[in-house]
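Derivation of every value follows stated rules applied to the coordinates shown; laboratory data play no part. Treat the numbers as computed from the prediction; the structure is a model and nothing was measured. Neighbour counts are summed over all protein chains in view; Cβ atoms, including those assigned to glycine, are modelled from backbone coordinates with ideal geometry.
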Amino acid sequence: MAEQQKTKTTATKSTKTAGKVRPIVKKMYLRAQEAAAEGRPIAYGMVASQYEEILRAMDITPIWTENYAALTAAKQVAEPYITKAEAEGFSNVLCKYAMVGIGFDAIRAETGKIPEGAPDGGMAQPTMLLGSSAVCDPRFKWYQTLGRYMDTPIHCIDVVYPNSNHFTLEMRDYYVKYQTEQFKELVNFLEKTTGTKMDWERLDHIMDIADETIQVWWDAYQLRKATPCPMPSQDHFSCMVPAYYLLGEQEALDFYRELHDELKERVDNKVGAVENEKYRLLWGGGLPPWHTLSIFNYFESLGAVFTIETSYHPPEPLEPMGKDVHPLKRLSSRVVDRAMKAQARAKEGCGDSRVQQILDLLKEYNNVGMMMHQARSCRAMSLGQIHFKNMVQEHIKVPTMFMESDIVDVRDYSEAQTKMQVDAFVDAVESYAQSLN
Amino acid sequence: MVTSENTKMNGLERAKQLSKNRGLRAKELRSQGRKIIGYLCSYAPLEFFTALDLVPHRIMGSVGEPIIKADAYLEPIACPFVRSCLDKALKDDYDFLDGVVFPHSCDNVQHLSSIWNYYLKPELYYFLNVPHMTEPSSFEFFKSELTAFKKYLEDFAGKELTDQALLEAIKLHNKNRALLRELNALRKQDTPLISGAELLQTMVATMVLPADEETGLIESVIEEVKNRPPKDSDEDRPRIMIYGCEIDSPEFMQMVEDSGASVVMDDLCTGTRGYWEGVDETGDPVEAIANRYLDKLRCPRTYRVSPGTHEADIANRFEYLKEYAEEFDVNGAILYIIRYCDTQEFDAPDVRDYLQSIGLPVLHIEDDYTLAGIEGLRTRVQAFVEMIV
């Protein structure tokens with residue numbers, strides 16, 4: 001299905017701050033390459049595993065392998081890695097982030113060097129692999145299988161969310177306890193592997209920066225409620241990078257301060273992401289099609305702007321915990337309490353925290369349409385979308401489009417078909433918006 | 001009316017009936033006032049149900065039956081077995097269930113659980129969080145989850161689940177597991193006394209019966225197969241082990257056996273995984289249940305801590321397959337992987353390479369559970385069998 005005549009596939013950004021992300025990404029891979037050259041510890045890691053601050057506190061340079069797969073997609077060079085993983089016997093339906101990573105490391109193991117033409121100089125050889133069960137199963141299975149290509153120390157952790165409908169406040173204690181133990185075992189592994197002791201005060205300080213970063217990021221995104229919307233989703237899919245990949249660093253905090261200031265200025269001066277904003281849309285589910293983010297610009301050409309998104313949405317800030325709380329318990333409580341907060345809100349509303357988030361964002365950001373991305377290789381974020389849409393429709397009959405493609409694999413994408421679908425969707429949004437007036 | 005009582009011609013015939021008409025006995029029991037609890041996958045603690053006089057009923061799909069209703073609720077990239085289960089439920093094939101329990105075995109089951117609950121509105125619904133890790137803290141956590149679940153079930157059943165009742169249930173399920181191992185061992189002979197298809201039908205039947213009735217069924221099957229007239233010698237037929245997850249219908253086994261092989265061993269959720277290991281009968285029963293389900297069940301959804309090198313990791317994860325192969329004199333293995341079963345898909349290349357490294361030829365099949373392309377599979381299996389011969 002891949003189109004032969006593609007021109008620009010990355011999205012044109014609206015804000016100046018979003019334009020600063022690409023150099024940050026380049027620097028991330030450069031840092032790891034420098035660490036490798038100097039013999040410092042490097043970890044392959046899974047984003048949002050809640051251990052970001054732990055790595056920083058121990059001077060371990062992370063490589064966020066999912067991000068690298070997305071980078072290869074954006075650069076339209078993912079296919080050779082996927083093909084290599086397929087040749088190794090891995091199914092074509094597996095997570096394409098994992099397929100890119102497996103293919104990359106299989107090639108490196110075979111040739112003894114970073115694959116030729118790898119974007120941003122490639123992923124440096126890790127000295128440890130840190131999987132997790134946060135979000136989906138491939139996030140520990142992927143690293144487990146990398147043993148085929150490297151005898152690198154590996155440690156995986158559980159990240160448990162209280163997602164049972166029978167979750168009670170009494171159960172919180174053992175959830176927090178387990179999460180704390182999981183982090184403790186991770187720290188033990190890191191100390192053993194690096195020969196460095198954790199500096200707990202430093203971790204506490206890094207978490208302070210992280211908490212402040214989340215708060216500023218959250219505040220900045222509240223500004224996107226303005227009409228016209230000052231920042232679209234294609235900018236978000238860049239601007240989430242510092243929060244997810246540099247969390248706990250001053251650079252990330254500074255980035256969001258700058259973003260906040262820019263959005264404030266735009267709102268004050270009524271500068272919108274699109275010149276004549278006609279329709280406000282919600283990115284309601286699924287990871288983005290990294291191979292063709294330019295689809296957002298197509299929406300813009302029709303006067304439609306994505307004002308907010310559920311994917312990589314900033315976590316709602318929590319009340320700060322007392323200084324006497326051990327940092328690992330602080331981290332664990334963050335995991336559990338965020339989920340509990342979302343559940344509490346859902347109990348007051350539709351009953352499902354994921355759907356409640358959609359309903360809230362539709363309302364708060366004044367959206368008149370919703371798009372969801374059904375990525376063929378991403379079960380974790382794509383399954384349930386039909387159900388979510390069904391539930392949303394019980395509350396509000398907002399037009400919804402399911403875009404069918406993949407997070408990485410451009411072979412699962414048809415630009416012509418998608419654009420036809422977008423045209424029809426925007427027509428439906430137009431009718432719906434008129435019906436509201 | 002056809003009832004399970006008048007289909008007791010013999011063990012195998014009854015097993016066949018029950019494997020085809022899985023709700024038969026459950027409906028009878030329900031009409032007598034028993035509560036029937038459906039569960040997905042191998043991680044539901046069956047002993048809890050039995051101890052509380054609830055009837056566990058394994059939810060399975062329907063091979064060959066087109067998906068009609070599930071499309072409106074669950075995406076086509078979901079595990080086709082899971083989709084088939086939901087489709088059957090939406091067609092009211094599971095209308096005899098009083099409740100459903102979904103252990104968090106994998107992403108697919110997790111997503112199915114909330115969808116099932118929302119649209120089918122069972123009287124009892126529970127999502128049991130099963131950790132993926134196997135650190136000491138994981139067992140402690142799982143024990144806490146099981147304790148919370150136990151409390152919930154007690155409220156539902158309206159009675160206390162005592163340690164004594166739980167121990168008795170553990171012993172009963174262990175007895176059934178031992179009987180199934182005894183039955184399975186009848187495949188060790190040069191000419192196996194029971195075929196792979198027959199054993200699978202028996203397994204499926206046991207999963208839709210209350211534990212006390214399982215015992216009689218398995219005993220009757222053992223007795224029957226031991227005493228039936230000897231078959232022609234199977235000595236020249238390759239002895240195959242099937243590796244995979246949910247095969248809940250005999251067609252695939254039958255096709256392999258029709259292709260000139262004997263299916264003598266399996267590593268399936270609907271096979272040995274259910275009965276190879278029991279629950280420790282000493283000490284705290286909830287802790288013993290946590291240990292059995294989290295540690296002893298060999299599903300790729302559970303992460304095993306790596307002992308160090310890749311070689312050691314692979315041995316740690318898959319050496320039991322070598323033991324199976326040696327004990328059952330296996331000549332070749334077929335990996336039957338259901339598409340979109342991520343954890344199994346990730347393990348498949350390692351399993352393939354490991355089995356080959358111990359000298360077993362391997363056929364790696366990725367299929368969509370429905371067996372819609374069984375004729376194509378037959379050609380591949382026949383070629384594989386011929387290669388081994």
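If the label point is 7 Å along Cα→Cβ of B:E319, which residues in segment A:148-177 have backbone nitrogen under 17 Å from it?
Of the residues in segment A:148-177, none has backbone N under 17 Å from the label point off B:E319.
Relative to the present Cα-Cα distance, how much length would full extension add between B:K188 and B:K69 at 0.36 nm per residue of separation? Working shown, then result.
On the way: separation 119, 0.36 × 119 = 42.84 nm, distance 4.27 nm.
Stretched out fully, the B:K188 to B:K69 stretch lengthens by 38.6 nm.
Under a 5 Å amide H to amide H cut-off, with H placed in plane at 1.01 Å, what residues pair with B:L128 once short-range neighbours are removed?
Amide H to amide H, under 5 Å and 5 or more residues apart or across chains, B:L128 pairs with B:F102, B:H104.
Assuming 0.36 nm per residue, please report the length gained on full extension of the stretch B:K226 to B:K175 beyond their Cα-Cα distance.
16.4 nm
Using modelled amide H (1.01 Å from N, peptide plane; none on Pro or chain starts), what sits under 5 Å from the amide H of A:G369, excluding residues fewer than 5 places away?
Amide H neighbours of A:G369, under 5 Å, 5+ apart: A:L282.
I'd like the distance between the alpha-carbon centres of segment B:226-241 and segment A:167-192, rounded to an integer number of Å.
Here the two parts' Cα centres lie 52 Å apart.
Going down the list A:K20/A:K141; A:K397/B:K69; A:K197/A:K323, which pairs span over 24 Å between their C-alpha atoms? Walk me through the numbers before you get to the answer.
On the way: A:K20/A:K141 33 Å; A:K397/B:K69 22 Å; A:K197/A:K323 21 Å.
Violating the 24 Å Cα-Cα cut-off are A:K20/A:K141.
At q = 0.07, 0.08 Å⁻¹, what log₁₀ I(q)/I(0) does a Debye calculation on the Cα points of chain B give, no solvent, two decimals?
With one equal scatterer per Cα and no solvent, log10 I(q)/I(0) is -0.30, -0.39.
List the residues, sorted by chain then number, that are 5 or more residues from B:S259 or on another chain and whose placed amide H is less than 5 Å from its amide H.
none
How much length is gained on full extension from A:E116 to A:E170, taking 0.36 nm per residue of separation minus their Cα-Cα distance?
Working: separation 54, 0.36 × 54 = 19.44 nm, distance 5.41 nm.
Contour length minus the Cα-Cα distance gives 14.0 nm.
Just from its helices, what would the mean residue ellipticity at 222 nm be for the protein assembly as shown, if runs of 4 or more DSSP H residues each count -39500 (n - 2.57) and the sum is divided by every residue, rounded to the nearest 500 deg cm²/dmol?
Result for the protein assembly as shown, helices only: -16000 deg cm²/dmol.
Under 16 Å Cα-Cα from A:K113, which lysines qualify once same-chain neighbours fewer than 8 residues away are excluded?
A:K84
Please work out the Cα center distance from segment B:362-388 to segment B:260-315, rounded to the nearest Å.
26
Which of the peptides B:285-296, B:338-349 is most tightly packed, and how do the rest follow, judged by the mean count of other Cβ atoms within 10 Å per residue?
B:338-349, B:285-296
Once each part is reduced to its C-alpha centroid, what is the distance from segment A:309-358 to segment B:335-356 in angstrom?
Using only Cα atoms to place each centre, the spacing works out to 36 Å.
Can you spot the aspartates and glutamates whose alpha carbon is less than 18 Å from A:K347's alpha carbon? Ignore those fewer than 8 places along the same chain.
Excluding near neighbours in sequence, the set is A:E170, A:E316, A:D337, A:D360, A:E394.
May I ask you to sort A:K8, A:K389, A:K419 by Cβ crowding, counting other Cβ atoms within 10 Å and putting the fewest first?
Neighbour counts put them in this order, fewest first: A:K8, A:K419, A:K389.
Go through segment B:33-41 residue by residue and turn each phi into a ³J(HN,Hα) via Karplus (6.51, -1.76, 1.60, θ = phi - 60°); whole Hz please, and just put x for glycine and proline.
After applying 6.51 cos²θ - 1.76 cosθ + 1.60, I find x, 7, 9, 10, 10, x, 8, 9, 6 Hz.
For peptide B:107-118, what's the mean number of Cβ atoms from other chains within 10 Å of each residue's Cβ?
5
Any idea what the relative contact order of segment A:22-169 is, in percent, if you count C-alpha pairs under 8 Å spaced at least 6 apart?
Working: 200 pairs, mean separation 37.0, N = 148.
Relative contact order comes out at 25 percent.
Excluding residues fewer than 8 places away in the same chain, name every one of the aspartates and glutamates whose C-alpha is closer than 13 Å to that of B:K88.
Of all the aspartates and glutamates, those that pass the test against B:K88 - Cα under 13 Å, at least 8 places apart if same chain - are B:E65, B:D71.
How fast does the protein assembly as shown diffuse by Stokes-Einstein, in µm²/s, taking the Kirkwood radius from C-alpha pairs at 4 °C and 1.567 mPa s?
This corresponds to a translational diffusion coefficient of 46 µm²/s.
State, to one decimal in nm, how far the label point of A:Q250 lies from the label point of A:N390, with both points 7 Å from Cα in the Cβ direction.
The two pseudo-label positions are separated by 5.3 nm.
Calculate one ³J(HN,Hα) per residue across segment B:305-318 by plugging θ = phi - 60° into the Karplus curve 6.51 cos²θ - 1.76 cosθ + 1.60, and present them in order as whole Hz with x for glycine and proline.
Using θ = phi - 60°, the values come out as 4, 6, x, x, 6, 4, 4, 5, 5, 5, 4, 4, 8, 10 Hz.
Looking only at other chains, what is the average number of their beta-carbon atoms within 10 angstrom of each beta-carbon in A:135-142?
The per-residue average across the peptide is 5.
Give the average, rounded to an integer, of partner chain Cβ atoms located within 10 angstrom of each Cβ in A:372-378.
2
Given a Förster radius of 25 Å and the C-beta distance between B:S31 and B:D163 as r, what FRET efficiency does 1/(1 + (r/R0)^6) yield to the nearest 0.05?
Rounded to the nearest 0.05, the efficiency is 0.20.
How high is the relative contact order of chain A, given as a whole-number percent (alpha carbon pairs under 8 Å, six or more residues apart)?
This gives 20 percent for chain A.
Once you put a point 7 Å from the Cα of B:M387 and another 7 Å from the Cα of B:S357, both along the Cβ direction, what distance in nm separates them?
In this crude spin-label approximation the distance works out to 2.0 nm.
Return the sequence-ordered ³J(HN,Hα) values of segment A:258-269 in whole Hz as given by the Karplus equation 6.51 cos²θ - 1.76 cosθ + 1.60 applied to θ = phi - 60°, using x for Gly and Pro.
5, 4, 4, 4, 5, 5, 4, 4, 5, 5, 4, 9
Kirkwood Rh over Cα pairs of segment B:279-389 into Stokes-Einstein at 4 °C, 1.567 mPa s: D in µm²/s? Let's see the in-between values first.
Details: Rh = 16.2 Å.
After rounding, the answer is 80 µm²/s.
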